[in-house]
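Taking it in order: structure first as structure tokens, then the write-up.
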Amino acid sequence: MAVQIPRGTQDILPGEVEKWQLIEETAKKMCQLYQYHEIRTPIFEHTELFQRGVGDTTDIVQKEMYSFQDRGGRELTLRPEGTAAVVRSFAENKMFGNATQPVKLYYLGPMFRYERPQAGRYRQFVQFGVEALGSMDPAIDAEVISLAMGIYRQLGLKKLRLVINSLGDKESRVAHRNALINHFQPRIQEFCKDCQSRLEKNPLRILDCKKDHDHELMGSAPSILDYLNEESAQYFNKVKEYLKAMKIDFQVDSTLVRGLDYYNHTAFEIMSEAEGFGAITTLCGGGRYNGLVKEMGGPDTPGIGFAFSIERLISAMETEEVQFERENGIDAYIISLGEEAKDYSVTLLEDMRRAGFSVERDYMDKKLKAQFKAAERLGATHSIIIGEDELKNGIVTVKNMTTGEQQECSLQNFVEEYSKLS
Ligand code: AMP
């Protein structure tokens, strides 16, 4: 039997890949406007990085990592997300000493999680994400949110919902944590095994449980917003004020907690509200993680970022029936008749490509009519016709495929003459 693609992965074929290119280019262009710069980190890292950086109590670390031992006995893991590695690199490369602060970075690449595959959930998926490290100005929180919304808007998405929350600072979180423990403890036996162990380790994550989310104690759980100390409340107010000033609509949802540890203050998610979009509606998740750089061995540095997957973005765009701008066709298609002309087309093709034109020719020994058809199918602006007689006289015919107009050009200065046409 033929070997098949692994479960939860996909091939992205020509025809589909143009959508990816459009999204990638748009995201990169937006990063240029917002002054975020690309960083590339390895696909695999020491397993410990994710245990510390994502958090031992998370589903990602407990159940979803592709971990292996290499031939030297090192414990390695295919990255399940981008933030931990970016923060590691920030600390390792001492970017906290950069002249320009905050350090604003973006990444784009495959992530790996051993999850149950379904619509919008893959085992290998591509995340685009940004991280702004070094600033504790609420305006940077608003900027990061604006960048995510801006990319979506630029790509034509309209049916979006931005939800924000504050998880507060350490003091607020401790107060909230105690309230949560008091709330859940008397009936913790009614919750799943994971939640029982979360009660002491990280009770906030009970609110994020997929199994128990309908339990009546969930709805009445103490809200973090009631436990924010003055400083945290002020910070959150400022973020909201800035978003309003930027005319970015949002809703506050005090039950929004991010699945990863080390988040504090601002947390946000962007959901698709397009009718018919699958069960999983979250397109983008982000938030502030002021404790993480220190946890990774760097100096105490605040940070905030977000990540979204291209897969979910594409399905949101498809559900909203957004037009994917198609790459324009090629400049020219060379149609040659006879052996000599065919041989000559090799030189012409090379010369034109060196001059920066996108050009194609027939390699299947097709007849004249079929070659014209191919030129049309590829959306060629011109076809360049070389026949035996033309070759003898040192000329070729250039046909404008839209108007049907034909023109003769000399072979000798062909590229130059063609440049004037296009
Ligand atoms: P997370 O890192 O879990 O906060 O996820 C951030 C974003 O990555 C989500 O909002 C999705 O857009 C995307 N994402 C996470 N897991 C998957 C997956 N298994 N397949 C596709 N996209 C995913």
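Diffusion coefficient (Stokes-Einstein, Kirkwood radius over C-alpha pairs, 20 °C, 1.002 mPa s) for the chain: 86 µm²/s, rounded to a whole number.
Heavy atoms of the protein chains alone define the surface here; on that basis the range 270-422 has 53 Å² accessible area per residue at 1.4 Å probe size. Along the axis of the charge dipole computed for the chain (Cβ charges of +1 for Lys and Arg, -1 for Asp and Glu, origin at the Cα centre), the listed residues Q62, V144, T301 are led at the positive end by Q62. Please label the shape of the range 2-134 as rounded, prolate or oblate, based on the square roots a ≥ b ≥ c of the eigenvalues of the alpha-carbon gyration tensor (a/c under 1.5 means rounded; beyond that, a/b larger than b/c means prolate, else oblate). Cα axes put the range 2-134 in the oblate bin. Taking the alpha-carbon distance from K211 and a cut-off under 30 Å, which lysines remain once sequence neighbours fewer than 8 residues away in the same chain are dropped? Output for K211: K63, K159, K170, K193, K201. R79 exposes around 20 Å² of accessible area when a 1.4 Å probe is run over every protein chain in place. The HN-Hα couplings worked out from phi for the range 148-157 by the Karplus form 6.51 cos²θ - 1.76 cosθ + 1.60 (θ = phi - 60°) are 4, 5, x, 5, 4, 4, 4, 7, x, 6 Hz, whole numbers, x standing for Gly and Pro.
Taking the range 332-421 as the region of interest, the number of lysine pairs whose Cα atoms are within less than 23 Å, with members eight or more places apart or on different chains, is 14.
Rolling a 1.4 Å probe across all protein chains gives H37 an accessible area of roughly 90 Å². Compute the acute angle (0 to 90°) between the alpha-carbon long axis of helix 17-34 and the principal axis of greatest extent of the alpha-carbon atoms of the chain; round to the nearest 10°. So the helix axis and the longest Cα principal axis differ by about 60 degrees. Here E25 sits with roughly 100 square angstrom of accessible surface, probe radius 1.4 Å. Couplings 3J(HN,Hα) for the range 90-106, derived from phi with the Karplus relation 6.51 cos²θ - 1.76 cosθ + 1.60 (θ = phi - 60°), are 4, 6, 5, 8, 6, 5, 5, x, 4, 5, 8, 10, x, 8, 10, 10, 9 Hz, where x marks Gly and Pro. The angle between the Cα long axis of helix 170-184 and the longest principal axis of the Cα atoms of the chain comes to about 70 degrees, rounded to the nearest 10. Global dimensions of the range 148-247 from alpha-carbon coordinates: Rg and Dmax equal 16.9, 49 Å. Note on the range 332-421: Kirkwood hydrodynamic radius from all Cα pairs is 12.8 Å, rounded to one decimal. Straightening the chain between Q154 and Y114 buys 11.2 nm, computed as 0.36 nm per residue apart minus the Cα-Cα spacing. Seen against the Cα atoms of the chain and their longest principal axis, helix 230-245 is set at about 30 degrees. Residue by residue, the range 330-342 carries 3J(HN,Hα) couplings of 8, 5, 8, 10, 8, 10, 10, 10, x, 4, 4, 4, 4 Hz when phi is fed to the Karplus relation 6.51 cos²θ - 1.76 cosθ + 1.60 (θ = phi - 60°); x denotes Gly or Pro.
Relative to one another, the C-alpha centroids of the range 78-132 and the range 146-191 are positioned 20 Å apart. Scaling the Cα radius of gyration of the range 62-138 by the globular reference 2.2 N^0.38 Å produces a ratio of 1.36. Eigen-decomposition of the gyration tensor built on the alpha-carbon atoms of the range 207-290 gives equivalent ellipsoid semi-axes of 23, 20, 12 angstrom, largest listed first.
The values are calculated or read from the model by the stated rules, or taken from the named source; none is laboratory data. If you're wondering where the values come from, they're calculated on a predicted model, not measured in any experiment. Backbone-built Cβ (ideal geometry, glycine too); neighbour counts: all protein chains shown. Note: areas computed on protein heavy atoms with side chains; ligands, DNA, RNA excluded. Shrake-Rupley method; radii C 1.70, N 1.55, O 1.52, S 1.80 Å.
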